[in-house]
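The values are calculated or read from the model by the stated rules, or taken from the named source; none is laboratory data. Since we're looking at a predicted model, the values are computed, not measured. In this analysis, Cβ positions are derived from the backbone assuming ideal geometry, glycine residues included, and neighbour counts consider all displayed protein chains.
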Amino acid sequence: MTELFSDIFAGRNDALTRLDARAKVIAASSGLLAVLFSRNALLPAGVFAACLLGMLLVRIPAKWLSFRLAGPAATALVLVLLHGFTVGVTPMASASFAGIRLTLMEEGVRRGLLLGARVLGGTSVVLLLGAVTPAHRIFHVLRRAGIPAGWVEIAMLTYRYTFVLLEHAAEVSAAQRVRLGYSHPARSMPAIGTLGGTVILRSIDQAVRTHEAMTARGYTGSIPFGPMGAMGRRDRWVAILVPLLFVAAWLLVGRGQG
């Protein structure tokens, strides 16, 4: 579970991890904008394929990718089905189920495919950025970009203590399994409720202790960030060419109806 959410792969030494974090954030931001403003499913689908290929080339395990993409893929499928059965007037296919007539509409399927492609494209951009960039460097870039300090600090603390709570949840879950807490559906629901309540109480207690620890170390309302060095020549080219590439792709493909 820790490996599923952490940036353990960002510590590797490869072409993408060596890039300046500012160049990668600029490239990822331009990719997200291209995906969000695309009116054709081809561009988000192409971004998804490119990011997936990039993660495989830097040796991100396929099992890790499948776990991370399972949720977005399910969301995309639900969007296609919901829009396909509720939006549009041009029937593509129909079937009867338990006396209910279901008709799949062409306009709804196209709309669902666009939204689903946006979900997968945007998720893949964020996954690739997180897989090749340590989280603290991303927060540093966001702070230097003018994002309010309070937002960045909350994001940093949330990221840090997510793993603490995950570890606590894993320990409680293991203890429940030893006591056969999930041996039967009738026992599983109370066990899940106990697990959730325990994690919530632990999060409240952790928040109090974290605030006391920060205050004892001189926290006055703002976490200081050090300066960032100059970007290298290759990093500057990446920061310029990748956004231009996304603009060109949007002009050629993304702005047309699909």
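Things to note:
- Identification of helices (runs of 4 or more DSSP H) wholly contained in segment 1-114 with 1 or more residues that are in contact with a Gly (Cβ under 6 Å, 6 or more places away or on another chain) yields 21-37, 42-57, 62-86.
- Close pairs from segment 59-85: first in contact (Cβ under 8 Å) with a residue 60 or more places away in the chain, partner surrounded by fewer than 18 Cβ atoms within 10 Å (Cβ to Cβ) and acidic (Asp, Glu), Cβ under 8 Å, at least 6 apart: TRP64/GLU3
- Single residue of VAL152, VAL132, VAL126 found to be surrounded by fewer than 17 Cβ atoms within 10 Å (Cβ to Cβ) and either touching a residue at least 24 places away in the same chain (Cβ under 8 Å) or more than 16 Å from the chain's Cα centre (by Cα) (or both): VAL126
- Residue check: VAL89 meets all listed conditions (1) closer than 30 Å to HIS168 by Cβ; (2) loosely packed, with under 12 Cβ neighbours inside 10 Å but one, namely (1).
- Selected residue (criterion: surrounded by the fewest Cβ atoms within 10 Å (Cβ to Cβ)) from residues of segment 23-49 that are among the small types (Gly, Ala, Ser) and under 15 Å from the mean Cα position of the chain (by Cα): SER29
- Condition met for SER96 (assigned by TED's automatic domain parsing to the domain that holds VAL47, among the small types (Gly, Ala, Ser) and surrounded by fewer than 19 Cβ atoms within 10 Å (Cβ to Cβ)): yes
- Residue in segment 223-239 that is at pLDDT below 90, farther than 30 Å from SER30 by Cα and loosely packed, with under 11 Cβ neighbours inside 10 Å present: no
- If you go through segment 53-84 and keep only what is of a type in the set (Ser, Thr, Tyr) and surrounded by 12 or more Cβ atoms within 10 Å (Cβ to Cβ), you end up with just THR75.
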